[in-house]
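Trainee: One structure is given below, represented as structure tokens, and several questions about it will come after.
The values are calculated or read from the model by the stated rules, or taken from the named source; none is laboratory data. Source: prediction; values computed, not measured. Ideal geometry is used to build each Cβ from the backbone, glycine not excepted, and the neighbour counts take in all protein chains shown.
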Amino acid sequence: MKHPKFLLTIGLIGAAVLYLAGCTKQSEDKLKGATTCDTTAVSYSLQVLPILQNNCYACHGAGSTAGSGGIDLSTYTKLKVYADNGYLVGNVSHSPGYVGMPYGQPMLPSCEVNTIAAWVHQGTKNN
Ligand code: HEC
């Protein structure tokens, strides 16, 4: 009578091991996804600009006035003012003391925040 119980236990352990292995595989896949966020040499036109176009220009596009504090971030020169004074990174990383951007919305995905921060740290190149 002991035998079937033993087999059941082995079966459950086996299932648990397979389940955990499945989770590990998923985390590995997520990590692989994260490493595709390349911030080694960030380009304004190829990486930063699309993030702004998709998430910021609705309020900060050319000639922005109403609803965005009158802040126009539509050109490199205009954006650089806020990159240099620390607001851009403070705003997008939702740092204490800064109004989180996009305004009233959750923080951007970490890859996009890291891309903007890396661009600033690499000297806000107009590339
Ligand atoms: C829904 C409209 C809206 C969106 C979208 C938005 N902003 Fe703003 N933004 C505002 C408003 C309103 C202010 C003025 C906030 C204040 O002074 O209280 C502001 C201010 C700013 C400022 C000036 C610094 C400051 O804190 O006042 C920067 C820089 C900025 N936003 C960057 C961004 C960036 C980068 C994005 C996209 C990731 C973005 N914003 C998306 C509405 C928006």
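Trainee: With 86, 97, 123 as the choices, which residue is more than 15 Å from the chain's Cα centre (by Cα), at pLDDT 95 or above, surrounded by 12 or more Cβ atoms within 10 Å (Cβ to Cβ) and not basic (Lys, Arg)? Give the derivation first.
Mentor: Working: 97 fails: surrounded by 12 or more Cβ atoms within 10 Å (Cβ to Cβ); 123 fails: surrounded by 12 or more Cβ atoms within 10 Å (Cβ to Cβ).
None of the others qualify; the one that does is 86.
Trainee: If you don't mind, another one. When the range 94-114 is examined, which residues are found to be more than 11 Å from the ligand (Cβ to nearest atom) and assigned to a helix (DSSP H, G or I)?
Mentor: 110, 111, 114
Trainee: Taking the conditions exactly as written (assigned to a helix (DSSP H, G or I) and out of contact with any His (no Cβ under 7 Å at 6 or more places or on another chain)), does residue 120 satisfy them or not?
Mentor: Numbers: assigned to a helix (DSSP H, G or I): yes; out of contact with any His (no Cβ under 7 Å at 6 or more places or on another chain): yes.
So residue 120 passes the test.
Trainee: So, one more: Within the range 101-114, how many residues are within 8 Å of the chain's Cα centre (by Cα), in contact (Cβ under 8 Å) with a residue 40 or more places away in the chain and within 15 Å of residue 90 (Cα to Cα)? Walk me through it before giving the result.
Mentor: Start the filter on the range 101-114 by keeping residues that are within 8 Å of the chain's Cα centre (by Cα), which leaves 107-114.
Subset that is in contact (Cβ under 8 Å) with a residue 40 or more places away in the chain: 108, 110-112, 114.
Narrowing the set further to residues that are within 15 Å of residue 90 (Cα to Cα) leaves 108, 110, 112, 114.
Qualifying residue count for the region: 4.
Trainee: Turning to a different aspect of this structure: Tell me, yes or no, whether the range 84-93 has at least one residue that is touching a helix residue (DSSP H, G or I) at 6+ places or on another chain (Cβ under 6 Å), under 12 Å from residue 119 (Cα atoms), touching a residue at least 60 places away in the same chain (Cβ under 8 Å) and within 11 Å of the ligand (Cβ to nearest atom). Give the derivation first.
Mentor: First pass over the range 84-93, keeping only residues touching a helix residue (DSSP H, G or I) at 6+ places or on another chain (Cβ under 6 Å): 88-89, 92-93.
Those still in the list that are under 12 Å from residue 119 (Cα atoms) too: 88-89.
Add one more test, that the residue is touching a residue at least 60 places away in the same chain (Cβ under 8 Å), and what stays is none.
No, that holds for no residue.
Trainee: Can you name every residue in the range 47-81 that is part of a loop (DSSP other than H, G, I, E, B), at pLDDT 90 or above and within 9 Å of the ligand (Cβ to nearest atom)? Give the derivation first.
Mentor: Within the range 47-81, the subset part of a loop (DSSP other than H, G, I, E, B) is 56, 61-75.
If we keep only those that are at pLDDT 90 or above too, we end up with 56, 61, 71-75.
Hits for the range 47-81 are 56, 71, 73.
Trainee: Would a scan of the range 33-41 turn up a residue that is away from the ligand (no atom under 11 Å from the Cβ), at pLDDT below 85, in a helix (DSSP H, G or I) and not polar (S, T, N, Q)?
Mentor: yes
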